[in-house]
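A.B. asks: Next up is a structure, given as structure tokens.
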Amino acid sequence: MPVKLRFDVIALGDFRRGDNAAPAHSAALAALATAGYSIGALHVESRIAADPHILDARFQDLIETGRVMRISPSARIQCALALGFDARIFERRHSSVARISADARVVTVERPSLFAGGDGRGHMLMREFAEEALGGGVIWAPSAWPNRAVIARTAPHWRIAEEDWRPVAPDLNVSPDALERARPVVGMFRVAQSRPWPKDEDDWAARLIDDPYVAYRLRGAPVILAKMAPSSAPLENWPTVEPLQAYLSRIDMLANADDVWDDPCPVEALIALRAGVIPYLPPDFRGVFGASAFYGPRKDLPITAAGLQGDRSIRDGMRTAAQDALAEYFSAEKFVARVRDMIGAPSRSSIAPGRAGLPKARVIMFSTNGVGMGHLTRQLAVARRLPAKIEPVFLSHSQAVGVVRKYGFIAEHTPYHAAYGEAKKHWNQSLAALLDSVIDFYDPAAVLFDGNVPFKALMTTFAKHPGVARLWMRRAMWGKGRDLEALERSAKFDIVMEPGELADSYDDGPTVALRSETRVLSPVRLLDSAEQPDRATACAELRLDPYALNVYVALGSGNNFSMAPLLREALDELRRVDQCQVCVARWMISDQADEWPADVSVLKGYPFSRWLNAFDFAIAAAGYNSFAEHMAAALPTIWTPNEHALMDSQLGRAEYAARREFGLTVRTGQEPYMKNAVQRMLNDAERGRFRTKLQTQDSPNGASTAADIVADLCFAAIAR
């Protein structure tokens with residue numbers, strides 16, 4: 001039975017960076033922690049639009065510094081206050097949520113449109129889901145008057161808080177620059193790309209008024225600015241990688257496209273007030289922000305901004321009013337006072353919740369059977385970096401799944417339909433039954449799938465187990481028009497992760513258009529550089545002379561694309577060189593016979609990347625893993641792409657490397673060019689130039705980020 005945890009406050013919320021004002025929610029939790037309250041937080045994955053699984057940085061900091069404890073959905077909790085941030089997290093039932101016993105239960109209502117656009121049944125279900133999750137009757141706390149108005153009209157029988165629960169304005173240390181600008185600068189920004197921007201050129205033209213009195217400085221806006229150039233009003237679009245503080249210090253007024261009936265307390269306006277930037281809002285916001293903002297139609301924006309710049313006393317007065325509004329309505333002290341009035345002072349329990357709040361969870365690592373071992377290796381790379389509280393269990397169609405057992409993980413093999421010629425329909429039915437039994441037996445918190453096509457059986461299993469989180473590790477560089485039906489299944493996953501491609505500029509496949517919906521990682525590698533032994537050690541393990549010229553040949557398994565002619569040309573040329581030692585990699589899943597000359601070593605084992613430092617150069621297929629590993633090891637390589645129609649774009653990777661002088665490329669059918677390529681690699685100066693170029697490439701291992709994402713989702717309550 002799970003340990004029962006005790007807190008003053010347990011908070012449920014979708015703490016991803018997105019339109020749910022996660023910065024304000026994190027600021028509220030920080031205020032309670034500073035006041036001495038013990039806090040547990042349960043991250044809820046909801047349908048709130050948010051950047052794909054990027055937690056708010058402030059929330060992440062609260063967890064990492066121990067001021068807030070992240071709670072498992074399987075925990076049992078006793079608390080004084082159960083607080084649900086944003087009623088939208090209860091639009092759906094939480095398939096797996098902690099069992100909460102609370103003295104008081106509050107849900108903040110932050111979006112009037114949630115009630116204005118719903119119906120009676122939807123409201124009834126939302127109330128039912130909230131009470132089910134929080135363990136009893138709920139007090140609904142509007143953030144401002146529009147929310148109170150719509151609740152009074154659509155759900156008058158609900159218990160409503162006596163005063164508004166205004167959000168806490170996030171702390172932000174901004175010093176406005178001292179530049180005397182020729183004209184006032186109007187800014188527009190969003191904390192996340194999921195927040196709405198004007199969607200077309202006509203809308204942009206209406207909002208960005210071409211007037212010589214103003215200049216515009218946007219941050220992270222869509223590139224739909226053609227109608228504004230040239231114009232009388234200068235315009236800049238800052239990238240989101242620039243610090244928000246630096247951006248805010250260089251604008252005078254914020255004029256986002258906000259609507260009080262969508263969000264009466266937009267977090268960007270709160271951030272602007274903290275930074276000393278004056279918001280310009282539609283008149284309906286006057287009842288929320290009072291004297292701290294300007295109000296009026298958009299057509300009056302230029303003259304209002306000009307007046308603000310021309311009269312310092314107005315500007316100073318507005319900033320004073322902003323500080324008064326922050327202190328009176330949006331302060332940490334006000335939020336803490338509301339909680340104290342409800343539950344009293346922080347408790348002084350001598351029993352700390354400890355790490356029992358994060359019991360061990362399991363994740364099923366499910367991979368297809370590729371031509372090589374890419375899918376399985378990427379999953380192993382992630383599994384090795386999961387925290388100790390996550391236990392990976394491997395289920396794979398790959399014949400090589402046994403290698404993961406050497407790393408101490410549970411691993412099961414199930415054949416792919418092609419292995420026995422089984423009909424896909426019948427195979428999917430049996431696979432669905434198998435997956436169902438695997439989930440029942442291992443009781444995982446999440447399933448991580450790595451493969452190009454999520455099987456119908458997997459979709460069937462997901463529907464039967466709504467509480468299990470779903471992740472797809474989807475490699476890029478697909479062929480044009482490939483597997484479009486499979487991409488339609490992206491919506492069935494909570495997170496789609498894309499292992500980074502160094503050659504992404506050569507990617508013209510269908511996944512490129514979906515990149516904004518995925519979490520793009522750095523290149524994923526099984527081993528970090530520190531895990532690869534130096535040349536002397538690697539040569540000793542392979543029984544190679546470290547002072548000889550060592551060449552690594554890895555043309556793939558050969559199961560679907562023969563590179564034998566290229567291999568023969570390469571070996572013929574290399575065997576003429578004195579003091580040259582050649583190692584040919586033998587894939588564990590290869591069905592090709594071993595027929596190597598006596599003076600050629602056969603490299604067996606796993607992973608090959610462990611020994612890359614033993615070699616002076618390589619001849620290799622441009623598969624995802626090999627390409628990322630050779631680039632990271634700065635190993636000059638002659639790339640021989642596998643160009644089978646069903647493969648990823650290995651040619652794109654090879655051409656990328658050749659164009660940037662990281663190596664050479666020889667394609668199947670170009671066997672006469674192999675001799676020249678080998679001769680160039682045998683030249684010390686040429687090989688050294690390649691290696692120097694490669695050493696300029698530096699990217700972290702995306703497997704660590706993927707592991708963090710998996711761990712976060714394992715300890716999130718999933719709402720479906």
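The values are calculated or read from the model by the stated rules, or taken from the named source; none is laboratory data. From a predicted model like this one, the values you see are computed outputs, not experimental measurements. Counting neighbours? That spans all protein chains shown, and the Cβs are built from the backbone with ideal geometry, glycine included. Calculation scope for accessible area: heavy atoms of the full protein, side chains included, ligands and nucleic acids excluded. Shrake-Rupley method; radii C 1.70, N 1.55, O 1.52, S 1.80 Å.
A.B. asks: Between a first residue in region 475-486 that is farther than 14 Å from Tyr624 by Cβ and among the small types (Gly, Ala, Ser) and a second residue that is assigned to a loop (DSSP other than H, G, I, E, B) and open to solvent by less than 60 Å² (accessible area, probe 1.4 Å), which pairs have beta carbons less than 6 Å apart while being 6 or more apart in sequence or on different chains?
C.D. replies: Ala486/Val453
A.B. asks: Further question: Of (1) open to solvent by 20 Å² or more (accessible area, probe 1.4 Å); (2) over 20 Å from the mean Cα position of the chain (by Cα); (3) not aromatic (Phe, Trp, Tyr), Arg47 satisfies all except one. Which?
C.D. replies: Result: Arg47 fails condition (2) only.
A.B. asks: Only residues that are β-branched (Val, Ile, Thr) and not in a helix (DSSP H, G or I): list them for region 677-717, please.
C.D. replies: Passing the criteria: only Thr696.
A.B. asks: Also, quick follow-up: Which residue out of Ala622, Ala628, Ala657 is part of a helix (DSSP H, G or I), in contact with a Pro (Cβ under 7 Å, 6 or more places away or on another chain), buried (at least 22 other Cβ atoms within 10 Å of the Cβ) and not β-branched (Val, Ile, Thr)?
C.D. replies: Answer to the check: Ala628.
A.B. asks: Another question about this same structure. Condition check: over 25 Å from Tyr656 (Cα atoms) and open to solvent by 30 Å² or more (accessible area, probe 1.4 Å). Does Asp534 satisfy that?
C.D. replies: Here the answer is yes, as Asp534 does meet what is asked.
A.B. asks: Please count how many residues of region 442-461 are in contact with a helix residue (DSSP H, G or I) (Cβ under 8 Å, 6 or more places away or on another chain) and hydroxyl-bearing (Ser, Thr, Tyr).
C.D. replies: Qualifying residue count for the region: 2.
A.B. asks: Kindly list the number of the only condition in (1) in contact with a helix residue (DSSP H, G or I) (Cβ under 9 Å, 6 or more places away or on another chain); (2) within 20 Å of Ser46 (Cα to Cα); (3) of a type in the set (A, V, I, L, M, F, W, C); (4) open to solvent by 50 Å² or more (accessible area, probe 1.4 Å) that fails for Met126.
C.D. replies: Failed condition: (4).
A.B. asks: Filter region 200-259 down to residues that are of a type outside the set (A, V, I, L, M), in a helix (DSSP H, G or I), at pLDDT 85 or above and farther than 21 Å from Ala306 by Cα, then give me how many there are.
C.D. replies: Adding up the residues that qualify gives 1.
A.B. asks: Is it fair to say Pro346 is modelled with pLDDT of 90 or more and assigned to a strand (DSSP E or B)?
C.D. replies: So Pro346 fails the test.
A.B. asks: For region 415-442, which positions are outside any helix (DSSP H, G or I) and without any contact (Cβ under 8 Å) to a residue 12 or more places away in the chain?
C.D. replies: Gly421, Glu422, Ala423
A.B. asks: State whether one or more residues within region 483-497 are within 14 Å of the chain's Cα centre (by Cα), buried (at least 19 other Cβ atoms within 10 Å of the Cβ) and closer than 16 Å to Gly374 by Cβ.
C.D. replies: Yes, region 483-497 contains a residue that is within 14 Å of the chain's Cα centre (by Cα), buried (at least 19 other Cβ atoms within 10 Å of the Cβ) and closer than 16 Å to Gly374 by Cβ.
A.B. asks: Filter region 399-416 down to the residues that are within 16 Å of Leu435 (Cβ to Cβ) and of a type in the set (Ser, Thr, Tyr), then identify the one that is modelled with the highest pLDDT.
C.D. replies: Thr414
A.B. asks: Related question: Take Gly467 and tell me if it is without any contact (Cβ under 8 Å) to a residue 40 or more places away in the chain and open to solvent by 10 Å² or more (accessible area, probe 1.4 Å).
C.D. replies: no
A.B. asks: Okay, moving on. Looking only at region 643-654, count every residue that is closer than 24 Å to Ala400 by Cα and surrounded by 23 or more Cβ atoms within 10 Å (Cβ to Cβ) and tell me the total.
C.D. replies: Counting residues in region 643-654 that are closer than 24 Å to Ala400 by Cα and surrounded by 23 or more Cβ atoms within 10 Å (Cβ to Cβ) gives 4.
A.B. asks: Scan region 38-64 for residues that are assigned to a loop (DSSP other than H, G, I, E, B) and either modelled with pLDDT of 90 or more or hydrophobic (A, V, I, L, M, F, W, C) (or both) and report the count.
C.D. replies: Residues that pass the stated criteria total 3.
A.B. asks: Among the residues of region 263-295 satisfying the criterion of being crowded, with 17+ Cβ neighbours inside 10 Å and of a type in the set (D, E, K, R), which is farthest from Arg190 (Cα to Cα)?
C.D. replies: Residue satisfying both the conditions and the ranking: Arg274.
A.B. asks: Looking at Ser26, Ser113, Ser72 in this structure, which one is surrounded by fewer than 22 Cβ atoms within 10 Å (Cβ to Cβ) and either more than 24 Å from Ala491 (Cα to Cα) or touching an Asp or Glu at 6+ places or on another chain (Cβ under 7 Å) (or both)?
C.D. replies: After ruling out the rest, the residue left standing is Ser113.
A.B. asks: Within region 296-343, count every residue that is outside any helix (DSSP H, G or I), at pLDDT 85 or above and either of a type outside the set (Phe, Trp, Tyr) or exposed (fewer than 13 other Cβ atoms within 10 Å of the Cβ) (or both).
C.D. replies: 3
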